[in-house]
1. Which condition number does Val393 fail, the rest of (1) away from the ligand (no atom under 14 Å from the Cβ); (2) β-branched (Val, Ile, Thr); (3) surrounded by 19 or more Cβ atoms within 10 Å (Cβ to Cβ) being met?
2. Cβ-Cβ under 7 Å, sequence separation 6+ or interchain: first residue in region 575-602 and within 11 Å of the ligand (Cβ to nearest atom), partner of a type in the set (Lys, Arg). Which pairs?
3. Quick check on region 436-457: of everything there that is at pLDDT 85 or above and among the charged types (D, E, K, R), which residue is farthest from the ligand (Cβ to nearest atom)?
4. Is there any pair linking a residue in region 423-446 that is on the phi < 0 side of the Ramachandran plot and of a type in the set (Phe, Trp, Tyr) to one that is in a loop (DSSP other than H, G, I, E, B) and buried (at least 22 other Cβ atoms within 10 Å of the Cβ), with Cβ under 8 Å and at least six apart or on different chains, and which?
5. Across region 492-509, what is the total count of residues that are under 19 Å from Ala351 (Cα atoms), touching a Leu at 6+ places or on another chain (Cβ under 7 Å) and surrounded by fewer than 21 Cβ atoms within 10 Å (Cβ to Cβ)?
6. Restricting to region 1-54, give me the number of residues that are part of a loop (DSSP other than H, G, I, E, B), under 26 Å from Val123 (Cβ atoms) and among the acidic types (Asp, Glu).
7. Residues of region 480-530 being among the acidic types (Asp, Glu) and over 29 Å from Glu361 (Cβ atoms), which ones?
8. Any chance region 541-558 includes a residue that's free of Cβ contacts under 8 Å to residues at least 12 places away in the same chain and more than 12 Å from the ligand (Cβ to nearest atom)?
Amino acid sequence: MAESVELPSRLGILPFRNKVLLPGAIIRIRCTSPSSVKLVEQELWQREEKGLIGILPVRDAAETTTVGTVLSQGVGSDSGERSSRIQVGNSDPQKADGKNQQEVIHWHTRGVAARALHLSRGVEKPSGRVTYIVVLEGLCRFNVQELSTRGTYYTARISPLEMTKADMEQVEQDPDFITLSRQFKATAMELISVLEQKQKTGGRTKVLLETVPVHKLADIFVASFEISFEEQLSMLDSVDLKVRLSKATELVDRHLQSIRVAEKITQKVEGQLSKSQKEFLLRQQMRAIKEELGDNDDDEDDVATLERKMQSAGMPSTIWKHAQRELRRLKKMQPQQPGYNSSRVYLELLADLPWQKTSEELELDLKAAKEQLDSDHYGLVKVKQRIIEYLAVRKLKPDARGPVLCFVGPPGVGKTSLASSIATALGRKFIRISLGGVKDEADIRGHRRTYIGSMPGRLIDGLKRIGVCNPVMLLDEIDKTGSDVRGDPASALLEVLDPEQNKTFNDHYLNVPFDLSRVVFVATANRVQPIPPPLLDRMEVIELPGYTPEEKLKIAMGHLLPRVLEQHGLNSEFLQIPEAMVKLVIQRYTREAGVRNLERNLAALARAAAVRVAEQEQAVPLSREVHRFASPLVENRLADGAEVEMEVIPMDVNNHEISNTFKIASPLIVDEAMLEKVLGPPRFDDTEAAERVATPGVSVGLVWTTFGGEVQFVEATAMVGKGELHLTGQLGDVIKESAQIALTWVRARATDLRLAAAEEINLLEGRDIHIHFPAGAVPKDGPSAGVTLVTALVSLFSQKRVRADTAMTGEMTLRGLILPVGGIKDKILAAHRCGIKRVILPERNLKDLVEVPPPVLGSLEILLAKRMEDVLEQAFEGGCPWRQHSKL
Ligand code: ADP
């Protein structure tokens, strides 16, 4: 900043409209008008560093009506100096170029001399007009003596206004000035500190305060504020230093205050914002904590709801008292307290249990019930008859304590569906409780509530789910419960099934008696033997044997097929399975006593058909596409709405063709090829037995499993060894002993049977015998394989094959007597299924043949044996050739 400036007596003048340039201020302007361009060119550009111009504020003449140029008196002049009004022509310097519009210009009488800190000259394209960008620095004030024009721009004769050095020194001694300048500096300092704090700028401005004379500082500070034109003019007019300082102090102070107010407001707003934000955060946290603790207000409502539910549950009065005690305890507890939750879950159970709620019992119509049973099940005449009897008794005496029905039979024979038919006939809800694999008494009776994770037993849980206290409850697979260290589920079941005891069934979890006497119990089992006798004693066993292939065919055609088609969304328009094909499925793909696999295979065929139908449906949109091109009408419809629900069939399109595209061409008729494609190659055929017995040492037995009767092959072979007997095929003790007996018997009869040349020859001399029961992974036990074992051994030693069409069953004593065995009906059915033509049975089993369906019996040759020799006689082709030599 220049310390002192030598002002010339005349200065080129650049008018500043409504704007003041104060000494010390720096401004960047762009000069485009010819007059200012000329001024800059001649006064600054050409003179380079020596060039000075005068900046003179002019006031807009909006209010003035006088035409001409007015040099106005300084506003707020402090010194009483006179300013003159000078007429200086009639054109506005800014608009002098080409515009004759006359305007009054109020020239201020004081201006500021300025020099160019930076000059840049540019040429506008395409006009070629020269423009300047000038950075000007205000230097010192001057007074205008006379304003005149030079060429296109104004010039003024001027006189300097700033004090001389001597004057300055004199003023600096003035105590007023000293006070004023101190005051100004203090205020300015304060402002700088505030600004520095705000903008974090360095202390460059503070240095200014130390080095620059105070009167110049006043101008510099004020120049940086945004103040009104009037205030700017008044600052310009403050030639007197004291006046200037006090004015500047006032302005700086004002600026400071305004900054402070603004800051306060911001702080306040910020404070408010953060306060509300903080509150929000805290509230969120509080809610999360409450939720975590389970301590929300909803609990109150929950307990109230629970209480209401309990009131309407219809508990007996003693139980209601117990429940209320528990509820009172719950109310006293905090939700976060241990035990609160278990107490609540317990009360929920009490409230949910159907203490009184029953499903409305319809007036039992026996005829309708019979029809229902007949329509649901084919055959089973005796079983259905027994059910009707059972229902009849219930009709006459609704609270009759008749025995519990227990359906016994292989899987898939209709035990469950019969039980559900009973429920339908009685108009009650049906619930199935699976007892398969239940070994823990707690599964039936529940765990005491003292245990963590304790819960009610399956019966109480089932009643809660079904929501009525008089359903038909199926205790499924009651023979599969076992007892171990965890108690005996069967004894718990005893209580359930005993009409005397089940009025007050005590579930350990529930801890209050529940009346089960209105439940109708039905049980199912695969076998009778594993059911503990006391339990069996409370039930009436109804046996359901397996079905013959003919019965299966009827069931398949009459019941399974329609149901399967319906389940897959098909009907006979889409899929037809001819009877011959169902027969093939029964023969080649299923060899079970029940019909579950048969149903599964039919479902596989239906699925395959469903895929085809679904694919054809997909083809439909494609045909629409074709019509779109053929018919503009359809095209329009399709274009209008993306979703065209209705098909538009225009008159000119062949209707017949279209209807064909929507129709499945023809129903899918299942043939043998499709059977193989869908179900795979046949799993069973009648040649199996012939193939298996093709070598000596193999015999065909009939056994009984949980899946009903089955054909079981027994294989025996001999090899070099020390006379040992090896047995494989997961055999139980009884069957192992049977094998031992069989071998002993054969060895004892070796000469009679012509297996050895002389009595003293040891049949096992130098060889071991190995007997294997194929399907080695399936555990086998039971005495009924005795005759089969002997036959296999005789076949092995004699190297004679047994008849492939003959199967046998029977227990043999050590002396060769044949004892009767169980499961004759199932075994004969199995033999029939497997294409066996002759069956050898113990003579004493003759009575069991009445159970066998006559068609099956008619298709088989039944051979009764009293002794082992009788069996051997029938088992080998051409009889037993050694018999006549036997001394037995
Ligand atoms: P289980 O309980 O004996 O194992 P399900 O009762 O579940 O067997 O029966 C299996 C399927 O066979 C069911 O779909 C059932 O309807 C059907 N079914 C069994 N026997 C017959 C029958 N005699 N008449 C009609 N459908 C039967």
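1. Tallying (1) away from the ligand (no atom under 14 Å from the Cβ); (2) β-branched (Val, Ile, Thr); (3) surrounded by 19 or more Cβ atoms within 10 Å (Cβ to Cβ), Val393 fails exactly one: (3).
2. Matching pairs, first to second residue: Val595/Lys552; Leu598/Lys552.
3. Arg448
4. From residues that are on the phi < 0 side of the Ramachandran plot and of a type in the set (Phe, Trp, Tyr), the pairs are Phe430/Pro471.
5. Number of matching residues: 0.
6. Residues that pass the stated criteria total 0.
7. Here is the first cut: in region 480-530, the residues among the acidic types (Asp, Glu) are 484, 488, 495, 498, 500, 507, 515.
Once the filter is applied, which keeps residues that are among the acidic types (Asp, Glu) and over 29 Å from Glu361 (Cβ atoms), region 480-530 yields Asp484, Asp488.
8. Here is the first cut: in region 541-558, the residues free of Cβ contacts under 8 Å to residues at least 12 places away in the same chain are none.
No, region 541-558 contains no residue that is free of Cβ contacts under 8 Å to residues at least 12 places away in the same chain and more than 12 Å from the ligand (Cβ to nearest atom).
The values are calculated or read from the model by the stated rules, or taken from the named source; none is laboratory data. Keep in mind the model is a prediction, meaning the values are calculated, not measured. Note that each Cβ is placed from the backbone with ideal geometry, even for glycine, and that neighbours are counted across all protein chains shown. Only protein heavy atoms, including side chains, enter the accessible area calculation; ligands, DNA and RNA are left aside. Shrake-Rupley method; radii C 1.70, N 1.55, O 1.52, S 1.80 Å.
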